[in-house]
Structure formats: C-alpha cells, structure tokens
1. Can you list the lysines whose alpha carbon is less than 28 Å from that of residue B:157, not counting same-chain residues fewer than 8 positions off?
2. Sort out for me the Cα centre separation of the range A:181-212 from the range A:101-166, rounded to whole Å.
3. Taking K and R as +1 and D and E as -1, what net charge do the other residues with C-beta under 15 Å from the C-beta of residue A:62 add up to?
4. Kindly give Rg over Rh for the protein assembly as shown, based on alpha-carbon atoms, with the Kirkwood expression for the hydrodynamic radius.
5. Would you please name the trypsin sites (Lys or Arg not before Pro) within the range B:103-174 that are DSSP coil residues with at most 14 other C-beta atoms within 10 Å of their C-beta?
6. Mind checking which aspartates and glutamates have their C-alpha under 13 Å from residue B:18, skipping anything on the same chain fewer than 8 residues away?
7. Per residue of B:183-193, what is the mean number of Cβ atoms on other protein chains within 10 angstrom of that residue's Cβ?
8. Which three lengths, in whole Å and largest first, does the range A:24-65 cover when its Cα atoms are put on their principal axes?
Number of protein chains: 2
Amino acid sequence: MGGRVDQEEQISAASDGKAPRTARGERTLRKILDAARNEFGERGFSDSSIVGITQRAGVALGTFYTYFDSKEVVFQAVVRDMSALVRDHVAPAFKDATDAIDGERRALESFLQFAREHRDVYRIIDEAEFVDASAYREHYETTATRIAARLIAGRDKGEISADYSDAELEMLAWAMMGANVFLGLRFSVWASEDSKCVADVTSRMLRSGLQA
Amino acid sequence: MGGRVDQEEQISAASDGKAPRTARGERTLRKILDAARNEFGERGFSDSSIVGITQRAGVALGTFYTYFDSKEVVFQAVVRDMSALVRDHVAPAFKDATDAIDGERRALESFLQFAREHRDVYRIIDEAEFVDASAYREHYETTATRIAARLIAGRDKGEISADYSDAELEMLAWAMMGANVFLGLRFSVWASEDSKCVADVTSRMLRSGLQA
DNA sequence: GTGAAAGTTGAACCGACTTTCAACTTGCGA
DNA sequence: TCGCAAGTTGAAAGTCGGTTCAACTTTCAC
C-alpha cells in the first residue's frame, strides 16, 4: 500500500539537504510534522507560528530550522501528507461496488465520514489554495484524474452512457469532485449529518438525473 | 436592482461609528474599498498590507483608520461587496430559460464567464473561508438557498422529478453549487475554456444522469 | 571508550507590519 | 467670508514573529 510512498515522503518531507540522518533526527522530524498539522488545523496558516509548532512538539525554536527552511515549506509537507491520507481512506470503498456509479456513491460516503472525523485535515487542504497553490492544484488534479479514469472505465464496461466522450467525463469528474467537497463542508464539517443519506441522494441524481 | 442595497452597504461598509459624513469622505472610502479589492485579489489576504492598500488608493496610511478598525474589517466589507456582485451578474441569466434545468445551465454559463473575467473576485470569496468564516458561510448559504428554491419551484411545476423531497433538493443544491465552484476554478480561473461547452455537458448530466 | 558528525538550544537580531497621534488642510453651513 | 467639524497626513512608536548562530549535548561508527 502506501508504505513505500510514506518512507519516501518522510525523507523528502524536510527541505532540501535537511533530511535527518539518525533515528533521533527522524523522531524529531515526525514530532514537528505532527505538531504542525495540529497547529495549522487549529489556528489556520497565518495565525500559526513556528514558536507554536515547536512548543507543541516540545523542541526548541532553532530545531525547526534543522529540518525546514520556512513555515511555507512545513505547510507544504503537511498538505502532501494529508492528501495521501484522504486518498488511502477512500480507496478501499470501491471493492464491493456493484457498478461504477455505486463505486462513486461509496467513495462519497467514505469521504464524508473522513471529513467528519478530520475537520482539521479538511481545513488544511482547503487553505492550501492560498498558501501553497501548487500543492492544492496537485491534490485536486490527481483526484479528478482518478475519478475520470473510473468513469471512463465504467463507460467502457457499459455501465455509464456511451454518449459521454473522454473529455466530457473529465469535466464531469471536476463537477463531481466539487459536489463532494461542498457536501463535505456543509454536511460533515459544519454539521454532522448522516453520510449515507447524503451520498444516496447524490448518487440517485447522478444515476438518473433530475428531470421528471 | 442593487441600487438601494449598494447605498446601505456603502454606509455600513466602514467600521462602527466611522461612516463618512461628507462627500469627500465618501469618495475616500470608495477609493480605499476599491484599492483593497485589488490588493487582496492580487496578493491574497496575508500578503496584503494596509500600506499597500493606501498606496493604491493614493491616500496616507493614517486615513485608513478613519474608516476601518483593521485589515479584517475591510476584507469583510470587500467580501460582502463581491458577494452581491456575483449574485447580480448571474440573476438575469434566468429570464429566457425554457425550464428549471435550463435555467441552471444558463446560470452556470454566466457564472463561468464571470469567474473568467473576475479571477480576483473569485479568489477573495474563496479566501474568506479562512479570514472571515461568517461572510463565507453567509455567501454560500444564501446561494444554496436560492438554488434550492428554484429546484423546488421547478419540481412543483413538474419539470423536476417529484421523487425528490424539499430536503433532498436542498442537499442537491449544495452539490450543484460545489460542482459550479470547482468547474469555475478549473475551467475559468486556471484555464479559460469554453463556458458554453462546460455548462452544456454538466446540464446534460443533470437532466438525465450518467447511467447507460 | 573516543571523537567526529549530527542534532539541539534559546537569546538576540531583524525586518515588516499595524496602529497612534498631534499638526495640518479642506470644505461646508451660517 | 468665517469658523469649526471633518478629514488627511506621515513620522514614529510599538508589536510580533521569522530567522540566525555559536555554544552545547547526544549519538554512533570504529
């Protein structure tokens, strides 16, 4: 699963030439990364401070600069961490799906549950749009590409209408992703409503449309 | 139109007890508000500065504090301004609609055009999630309520399936709004693609769904 | 056990921004 | 026209947080 990737990410998490070389260093880097996630999640990027992060981590201020060049760089590292977390949480939802549209329904339900349990993560990824636009873009572009690939595969299996071209399904992937994000914001982050119910209604619409 | 509302907003735009009392003051407040919109749109909230705003406005630093208590307060004023701008741009799109779903298609196309022409506005509203959460929430809640009301009216006219309850249409309003926002981000802000084409595909899906 | 490399520390420095304010200018009402 | 309230000015004080660095401690390969 994510094992290999995680290790690579842990090494590349720190700024260039700042990777830890001993077990102690690795432990400290991990503490800072976790502290940063909490700090950013609770206070938002601009109200977060390096002092705040290092205090939570229980290390001295200067230690931060052993691993990172700036606040922006930790934020970026945290976003990439979180992005992988969302992906890995949603991935297993597809295994019992009866068809492509049912798969998307399960994915949405799983995402809504994740959003409810990790409001801070949700907030961090969203805030990346303004702090680290490239990480934000990367997160949503890979997500959209993954959705589009599933839709195209579904169409080729005859589960989704053959009227939609590849390019059209790519557009619709963005629409579905946006819908999911806003449903998460409204029905998981702002208020905890029944994930299954929200996913079911959305899926019904996705399957047959709105028309009478 | 927005005339009445705009006047009210211009007065309430400044902080409490800081409304301008002369024509000159009103002009200066307007200059600061416009400058703030440009500054926030170009640099984002945290990279924006009061100095930057007053320089763009061509007034002295201290003048800012004649009308506003802080950077957060101007930001809030700007967001409310922009929110009204989006609404007023999209509103006329409905007048030639053939049915409820066609109305939403026209609204989306109009929104996509707006997003392309006002990338800065788009950015400002999105950033409000982190700077002034209540203004952000207000913007999207009123927008969702407006969409839901149109869907319910459409259902009651027999244009939208009677299978959907009021509560379900309210959920779907959030889904549609999220879809619109992400389509705007991807196909208008990041890359200028044909608004009509994007709106048509989305509308087709909305009408009949994805299923083969 | 030893020494060099890695890691840690926090006071001090630095720059950038917000906010204040007393002197000054403008413009409106009488 | 005059006087005063409203508005404007920008230097300077105050604040805050990022970043540096030289002294110190720990780790680990040999």
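1. B:95, B:196
2. After rounding, the separation between the Cα centres reads 14 Å.
3. +2
4. When Rh is taken as the Kirkwood radius, the ratio is 1.00.
5. Hits after loop and neighbour filter: B:157.
6. B:26, B:69
7. Taking the mean over all residues of the peptide, I get 3.
8. 29, 16, 14
None of the figures in this text is laboratory data; all of them are computed from the coordinates on show. Being a predicted model, the structure only gives us computed values, none of them experimental. Because the Cβ atoms are built from the backbone with ideal geometry, glycine has one as well, and the counts that use them run over all protein chains shown.
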